[in-house]
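The values are calculated or read from the model by the stated rules, or taken from the named source; none is laboratory data. Every value quoted in this text rests on a predicted model; they were computed, and no experiment measured them. So basically every Cβ, Gly included, is an ideal-geometry build from the backbone, and we count neighbours across all protein chains shown.
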Amino acid sequence: MFLGESLLKISSIASLTNFLSLVLQPRPVDPPGIFETPISNTYDYIVVGAGSAGSIVATRLSEDCANVLLLEAGGTDLDDERTQIPLMWFFLQGTAMDWGYWTVPQKFSHRAMKNERSYWARGKMIGGSSAMNAMGFVRGSRFDFEQWEREGATGWGYDKVLPYFKKLENAKLTDYGNCGNFILYLETRGKFGPIVVNQESATPLSFFHLKAAAEMNLPVIDCSDQNPRGICVTQSNIKNGTRCNSGNCYLRPALERQNLQILFRKNKAVGVEFVKDNKTIRVFAKKEVILSAGVIGSAQILLLSGIGPTEHLRQMNINVKSNLPVGKNMQDHLDFFLKYNINMSLNTNSENFATPRRILNFVFNKKGIFTGSGGDVNVFTHTCRKMNEGPNIQLTIIPTAYEKDAVEDLFLNLKNEVVKEHLKRVNSNSFQVILYILKPKSIRFTRRLEKTSAWKSINATYIRHDTPNHCSEIEYDSDDYWECMLRHFTRRGDHQMGTCRMGSVNDPSSVVDPRLRLVHYLEQIQE
Ligand SMILES: Cc1cc2nc3c(=O)[nH]c(=O)nc-3n(C[C@H](O)[C@H](O)[C@H](O)COP(=O)(O)OP(=O)(O)OC[C@H]3O[C@@H](n4cnc5c(N)ncnc54)[C@H](O)[C@@H]3O)c2cc1C
């Protein structure tokens with residue numbers, strides 16, 4: 001009775017979260033006192049930031065009996081139910097577990113966004129961004145790794161990192177080339193690592209995308225193929241229906257070790273002096289201090305420590321210790337959303353998202369839409385590129401309708417008049433294609449999908465999203481039109497990286513050498 005009544009009352013994400021926290025088995029908690037071990041003066045290694053990288057580094061170092069201190073500015077991810085329910089990843093943005101950054105207003109892009117800027121989510125908790133991201137698992141192409149090695153990242157070529165990729169994962173893949181009837185065991189994928197990789201599409205719409213890709217001669221592939229060109233059903237870090245982040249799947253099993261200690265909450269860790277319970281504490285590393293505070297956090301700590309571009313540090317009144325190009329190489333895959341109306345209800349929308357059936361399937365069977373990231377398929381392709389150069393476009397096709405709650409969200413930050421106009425054009429059956437702009441020369445490839453008979457069979461109709469003052473005055477479909485659309489509508493792609501670039505010590509754009517040591521530190525050693 002209680003269950004039925006509560007289910008009927010679910011009308012919003014907040015009520016759904018409340019409901020789930022009532023009926024789900026008590027979520028895991030960390031053993032009492034595990035974070036309260038007294039702080040020592042000296043450790044072998046001090047790792048700053050318990051995110052994707054830091055949790056793994058600290059766990060692996062502690063396997064070798066070294067004493068490791070892991071410092072984290074955020075709290076525990078277990079405080080919020082939504083970090084554990086895969087489909088809820090989207091709703092962690094803007095919470096206390098997110099650093100909540102905004103870009104500065106952009107001069108040449110973001111013209112359809114409020115104040116011409118993007119919201120940048122970054123995890124602030126154990127697991128870092130891996131505790132709030134979309135869980136999509138893609139290794140990247142061989143050609144990028146080879147290029148980085150050629151540019152000076154010695155030892156980071158594809159064949160050298162492949163054993164570590166395999167060591168990391170436990171891949172449970174299905175052969176969608178054979179209609180999903182077989183389990184795939186690939187030589188190139190790991191089977192015994194802590195990060196579980198599952199493969200599942202969110203809705204039956206993926207059937208039409210797989211068919212459309214076949215018509216375009218795009219084969220069904222492994223998303224983590226060394227040279228991906230084709231379509232793959234989304235692979236995600238999900239274990240038994242729950243998010244598998246670096247906190248849950250690496251760090252927590254290692255916390256029982258006496259030689260690994262984690263301190264979390266409170267900020268400011270400077271090489272390392274940190275503040276905990278209003279006390280400034282200094283701890284020393286016998287071997288190394290490892291900075292793994294993320295694309296923004298690591299750069300920020302270096303800058304505050306006087307390591308960065310001289311001119312910028314002087315402007316900020318920071319004593320310059322080393323002139324290094326910290327922050328200069330920042331990169332992201334900007335993304336651009338294409339939207340399609342279709343003529344049948346195969347998608348997810350606010351009406352069908354939290355049906356009692358879906359919720360019960362999750363609560364009792366840990367199955368169904370809530371146990372996935374919400375994505376259907378990914379397409380990788382080489383437009384205007386040779387096959388041996390790696391893909392330059394990624395499409396992530398999501399079955400989510402373009403509707404009020406989503407478009408008014410921080411996530412998109414579109415201007416009100418643009419949102420109003422868009423909402424007039426979509427129906428509740430719409431789905432979306434996220435075009436990740438990797439290194440393309442053209443974006444027109446995406447629209448070839450519309451010509452396939454598979455997409456025609458569901459009447460997939462492109463929804464124009466130019467609006468008055470936002471490209472509608474330019475000749476539709478001309479090159480100028482698409483340039484304008486990109487300048488107005490592309491936004492953050494959540495793949496920010498590169499602020500502490502690794503490369504040769506002789507390359508002025510390097511911040512760290514191929515062994516991840518600060519370049520200025522090497523100069524001092526050589527003196
Ligand atoms: C919304 C979103 C969706 C994404 N989707 C995907 C996806 O589907 N697939 C994918 O592969 N990638 C995705 N990413 C990107 C991916 O999550 C990140 O690239 C990755 O987690 C970065 O790992 P990291 O270790 O460098 O940093 P993080 O995981 O961000 O960890 C940095 C840690 O350092 C801590 N920290 C920062 N400053 C300090 C300080 N001063 N003192 C102590 N601690 C500090 C932070 O709190 C954080 O815990 C997504 C990211 C976001 C935000």
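Restricting attention to the range 35-76, which residues are within 27 Å of the chain's Cα centre (by Cα), charged (D, E, K, R) and surrounded by fewer than 22 Cβ atoms within 10 Å (Cβ to Cβ)?
Of everything in the range 35-76, just one residue is within 27 Å of the chain's Cα centre (by Cα), charged (D, E, K, R) and surrounded by fewer than 22 Cβ atoms within 10 Å (Cβ to Cβ), namely ARG60.
Quick one: is LEU395 surrounded by 19 or more Cβ atoms within 10 Å (Cβ to Cβ), part of a helix (DSSP H, G or I) and within 26 Å of the chain's Cα centre (by Cα)? First the steps, then the outcome.
Details: surrounded by 19 or more Cβ atoms within 10 Å (Cβ to Cβ): yes; part of a helix (DSSP H, G or I): no; within 26 Å of the chain's Cα centre (by Cα): yes.
No.
Any chance you could count how many residues in the range 126-175 are on the phi > 0 side of the Ramachandran plot and not in a loop (DSSP other than H, G, I, E, B)?
Number satisfying all stated conditions: 1.
Please work out if VAL104 is away from the ligand (no atom under 11 Å from the Cβ), assigned to a loop (DSSP other than H, G, I, E, B) and either of a type in the set (A, V, I, L, M) or within 30 Å of LYS172 (Cβ to Cβ) (or both).
Spelling it out, VAL104 is indeed away from the ligand (no atom under 11 Å from the Cβ), assigned to a loop (DSSP other than H, G, I, E, B) and either of a type in the set (A, V, I, L, M) or within 30 Å of LYS172 (Cβ to Cβ) (or both).
Touching a residue at least 24 places away in the same chain (Cβ under 8 Å) and away from the ligand (no atom under 16 Å from the Cβ): is that true of SER236 in this structure?
On the way: touching a residue at least 24 places away in the same chain (Cβ under 8 Å): yes; away from the ligand (no atom under 16 Å from the Cβ): no.
The answer is no for SER236.
Which condition does ILE262 not pass, out of (1) modelled with pLDDT under 90; (2) within 30 Å of LEU486 (Cα to Cα); (3) buried (at least 18 other Cβ atoms within 10 Å of the Cβ); (4) not basic (Lys, Arg), if it passes all the others?
(2)
Any residue at all in the range 74-85 that's within 16 Å of the ligand (Cβ to nearest atom), part of a helix (DSSP H, G or I) and hydroxyl-bearing (Ser, Thr, Tyr)?
Checked the range 74-85: at least one residue is within 16 Å of the ligand (Cβ to nearest atom), part of a helix (DSSP H, G or I) and hydroxyl-bearing (Ser, Thr, Tyr).
For the range 131-141, which residues satisfy the criterion of being under 16 Å from GLY241 (Cα atoms) and of a type in the set (Gly, Ala, Ser)?
ALA131, ALA134, GLY136 - these are the residues of the range 131-141 that are under 16 Å from GLY241 (Cα atoms) and of a type in the set (Gly, Ala, Ser).
Here are some residues: TRP89, TRP99. Which one is of a type in the set (Phe, Trp, Tyr), within 30 Å of GLN226 (Cα to Cα), within 11 Å of the ligand (Cβ to nearest atom) and in contact with a helix residue (DSSP H, G or I) (Cβ under 9 Å, 6 or more places away or on another chain)?
TRP89
Any residue in the range 82-110 that is at negative phi and in contact (Cβ under 8 Å) with a residue 60 or more places away in the chain sitting within a Cβ distance under 7 Å of a residue that is away from the ligand (no atom under 14 Å from the Cβ) and part of a loop (DSSP other than H, G, I, E, B)? List the pairs, counting only those 6 or more apart or interchain.
Pairs that qualify, where the first residue is at negative phi and in contact (Cβ under 8 Å) with a residue 60 or more places away in the chain and the partner is away from the ligand (no atom under 14 Å from the Cβ) and part of a loop (DSSP other than H, G, I, E, B), are GLN84/ARG27; THR103/ARG117; SER109/THR490.
Report yes if PHE411 is among the hydrophobic types (A, V, I, L, M, F, W, C), modelled with pLDDT under 90 and part of a helix (DSSP H, G or I), otherwise no.
For PHE411, the condition - among the hydrophobic types (A, V, I, L, M, F, W, C), modelled with pLDDT under 90 and part of a helix (DSSP H, G or I) - is not met.
Looking only at residues in the range 497-510 that are touching a strand residue (DSSP E or B) at 6+ places or on another chain (Cβ under 7 Å) and part of a loop (DSSP other than H, G, I, E, B), which one is nearest to GLU149 (Cα to Cα)?
So, considering only residues that are touching a strand residue (DSSP E or B) at 6+ places or on another chain (Cβ under 7 Å) and part of a loop (DSSP other than H, G, I, E, B), the one nearest to GLU149 (Cα to Cα) is SER510.
Considering each of GLY157, GLY140 in turn, give the residue that is closer than 27 Å to VAL519 by Cα, surrounded by fewer than 18 Cβ atoms within 10 Å (Cβ to Cβ) and in contact with a helix residue (DSSP H, G or I) (Cβ under 8 Å, 6 or more places away or on another chain). Outline the logic, then answer.
Values: GLY140 fails: in contact with a helix residue (DSSP H, G or I) (Cβ under 8 Å, 6 or more places away or on another chain).
None of the other options fit; the residue is GLY157.
Could you check GLU151 against (1) of a type outside the set (Gly, Ala, Ser); (2) touching a Ser or Thr at 6+ places or on another chain (Cβ under 8 Å); (3) surrounded by 18 or more Cβ atoms within 10 Å (Cβ to Cβ) and say which number it fails?
Among (1) of a type outside the set (Gly, Ala, Ser); (2) touching a Ser or Thr at 6+ places or on another chain (Cβ under 8 Å); (3) surrounded by 18 or more Cβ atoms within 10 Å (Cβ to Cβ), the lone unmet condition for GLU151 is (3).
Do you know which of the residues in the range 291-315 that are touching a residue at least 40 places away in the same chain (Cβ under 8 Å) and within 17 Å of HIS520 (Cβ to Cβ) is farthest from the ligand (Cβ to nearest atom)?
Only one residue tops the list, namely ILE307.
Filter the range 124-140 down to residues that are closer than 14 Å to ALA96 by Cβ and under 10 Å from the mean Cα position of the chain (by Cα) and give me whichever is nearest to the ligand (Cβ to nearest atom).
The residue in question is MET132.
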